[in-house]
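In what follows, a single structure is set out as structure tokens and then discussed.
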Amino acid sequence: MYFHSTKGKSPAISVSDAMLMGAAPDGGLYVPQYFPAFTPDEFGDAKDLPNIARTLLRPFFEGDKLASELPEICETVFNFPAPLKPLATGAFSLELFHGPTAAFKDFGARFLATAMDRLASPDKPLTVLVATSGDTGGAVGCAFAGAKTANVIILYPKGRVSSFQELQLTCWPGVTALRVDGDFDTCQALVKAAFADPALKSRYGLSSANSINIGRLLPQMVYYTASALQIFRRTGQNVNFIIPTGNLGNGMACLWARACGLPIGKVILAQNANHALTDFFTTGEFMPAASIATIANAMDVGNPSNFERFMTNRAMLDHDVRAISIHDETIKAQIANDARAHGQIWCPHSAIAAHVYDRLKAIDKKQIWANVATAHPYKFRESIEPLTGSKVQPSPALAAIRDMPSSFTDINANLDALGAVLAG
Ligand SMILES: *Cc1c(COP(=O)(O)O)cnc(C)c1O
């Protein structure tokens, strides 16, 4: 299988090369040449994620240098569950927060880290640069913590992440955390500048782990496949998903699983007040905007970068795919109401999906719905606790992070300072 660029001006390459490249040289994003067709039977009676992953991902790795290692990679990566929990409302919650940093980004980050560590070698180590505004850096740092030949440097904006987020960015052994004197855009610009410097790029084998990397998208198809198979085997029905959406990575993965013929019906992309996608579905025009700060801040994206992948596979956007935008006041009311009525505590992103289901169930009652829960509420407790009036307890993984030692280095926002860190 080859992967080609959405801009169509770079050569098609294998999945390993696409993972190492991040974005394509022509500025486009890598997409698979085609979507292999699956029937539920091809998965036999596989239930666990590693087994489902190896069957689903095999065609994407066909002919690739990691093809023979794929089963082992899947075994390493998918070592925590993505359970479907029945809710009091009649829907299911697809819980994607049982990984080590308690957000769905653990799946993609762990897959990319495991693959990259196998692609690098002691004589040709890799340095992965990540600019983060919070969640991504934690998942990526954790995923690379045990890596032997791939090192991570995380750049985060000083004074602009919560105290728990900062801990989660700075606690991983072997991972360098840089507290940059600037905002998130500054961090991102610094990473871009490093990549644009040919000497730095080749001397340190610079690579990126941001959410447009194909190595983060492919593994996210796995939990949609596993939960759709589970529902299909039990009921013979397709499951509909409501997915909290920012950069469109998680939603794209679901649409790709659906394009592979898996038993998935409707897909609703649920945004916060950043509504470029919702507008696109109503008007047919895509008008990226500056991002608006919301309570669901991991989705504060005005110009979803994966939109480009959307447009190269327009056939995926049939009448069963929709987008909807929810405002902060509605999100807050949903968190407060579900806590009171059902004792159910949502993170702000997951609350958006729960709200959309409540709004839709009157019309689609006979169908089976799964709301995607993208993070554990403890990560966002500062905004949740005032709404529910009670303390949010950490998951075991998050409690463990609280006790870890943390260290970071302050740097000025210029390439010389970053170069000095790279030089060690
Ligand atoms: C990143 C993130 C999202 C948004 O996912 P995208 O792939 O960017 O659409 C939603 N919820 C949480 C908790 C996240 O960390």
### Query
Mind ordering 399-410, 51-62, 127-138, 30-41 by average Cβ neighbours within 10 Å, highest first?
127-138, 51-62, 30-41, 399-410
### Task
Identify all aspartates and glutamates with a Cα-Cα distance to Lys65 below 17 Å; exclude those on the same chain that are fewer than 8 residues away in sequence.
Asp17, Asp117
### Message
Which one, Ala296, Trp172, Cys260, is farthest towards the positive end of the dipole of the chain when Lys and Arg carry +1 and Asp and Glu -1 on their Cβ?
### Response
Cys260
### DSSP beta bridges in the chain [antiparallel fraction, %, rounded to 5]
20 percent
### Query
Given H placed on each backbone N at 1.01 Å, which residues far from Ala323 in sequence or on other chains put an amide H within less than 5 Å of it?
Leu269
### Message
Mean-square fluctuation check for the chain, GNM, Cα pairs under 10 Å: which of Asp106, Asp358, Asp300 is largest?
### Response
Asp358
### Query
Which shape class, rounded, prolate or oblate, goes with the stretch 273-339 when its Cα gyration tensor gives a ≥ b ≥ c as root eigenvalues, a/c under 1.5 marks rounded, and past that a/b bigger than b/c marks prolate?
prolate
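Over the stretch 99-148, what is the relative contact order in percent, taking alpha-carbon pairs closer than 8 angstrom and at least six residues apart? Could you put the intermediate results ahead of the total?
Values: 36 pairs, mean separation 28.5, N = 50.
It comes to 57 percent, rounded to a whole number.
Can you tell me the order of 308-319, 343-354 when each peptide is scored by its average per-residue count of other Cβ atoms within 10 angstrom, highest first?
Working: 308-319: 14.0, 343-354: 26.4.
Per-residue Cβ counts within 10 Å, averaged per peptide and sorted highest first, yield 343-354, 308-319.
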### Message
So if I place +1 on the C-beta of Lys and Arg and -1 on the C-beta of Asp and Glu, and nothing else carries charge, what would the dipole magnitude of the chain be about its Cα centre? I want it in debye, nearest 20.
### Response
540 debye
### Query
Amide H to amide H, which residues 5 or more places from Gly28 or on other chains are under 5 Å from it, using H placed in the peptide plane?
Lys7
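Two decimals is fine: what's Rg over Rh for the chain, C-alpha atoms, Kirkwood radius as Rh? The partial results should precede the final answer.
Details: Rg = 20.5 Å, Rh = 21.7 Å.
Dividing the radius of gyration by the Kirkwood radius yields 0.94.
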### Farthest positive-ward along the chain dipole, Cα basis, beta-carbon charges - from Gln230, Ala375, Gln393
Gln230
### Task
Take every Cα pair under 8 Å in the stretch 279-340 that's 6+ residues apart, average their separations, divide by the length, and report that relative contact order as a whole percent.
23 percent
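Do the sum for the chain: with -39,500 (n - 2.57) for every DSSP H run of n ≥ 4, divided by all residues, what is the mean residue ellipticity at 222 nm, to the nearest 500 deg cm²/dmol?
Values: 17 runs with 175 residues, N = 424.
Value at 222 nm, helices only: -12000 deg cm²/dmol.
Do any of Lys366/Lys391; Lys9/Lys201; Lys266/Lys379 go past 32 Å between their Cα atoms, and which? Spell out each step's value before the answer.
Numbers: Lys366/Lys391 36 Å; Lys9/Lys201 22 Å; Lys266/Lys379 29 Å.
Listed pairs above 32 Å: Lys366/Lys391.
Given charges of +1 on the Cβ of Lys and Arg and -1 on the Cβ of Asp and Glu, with all other atoms neutral, how large is the dipole of the stretch 302-387 about its Cα centre, in debye to the nearest 20? Walk me through the numbers before you get to the answer.
On the way: 11 positive and 10 negative charges, 42 e Å.
So the dipole magnitude of the stretch 302-387 works out to roughly 200 debye.
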### Task
Using a Gaussian network model of the chain whose springs link C-alpha atoms within less than 10 Å, name the residue from Asn210, Asn79, Asn250 with the highest mean-square fluctuation.
Asn79
### Query
Among Leu56, Thr136, Phe78, which residue has its Cα positioned farthest towards the positive end of the charge dipole of the stretch 1-158, with +1 placed on the Cβ of Lys and Arg, -1 on the Cβ of Asp and Glu, and the dipole taken about the Cα centre?
Thr136
### Task
Using amide H atoms built 1.01 Å from N in the peptide plane, name the residues 5+ places from Val128, or on other chains, whose amide H lies under 5 Å from its own.
Asn151, Val152, Ile153, Ser207
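How high is the relative contact order of the chain, in percent, counting Cα pairs under 8 Å that sit 6 or more residues apart? Provide the component values of the computation, followed by the final result.
Values: 823 pairs, mean separation 75.9, N = 424.
Relative CO of the chain lands at 18 percent.
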#### Entry: Protection-proxy order for peptides 282-292, 326-336, each taking the mean of Cβ atoms within 10 Å per residue, highest first
326-336, 282-292
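Quick note: the coordinates plus some simple rules give every number you see, no bench work behind them. What you see is a predicted model; the values in this text were computed from it and never measured. Reconstructed Cβ throughout: ideal geometry from the backbone, glycine too, with neighbour counts over all protein chains shown.
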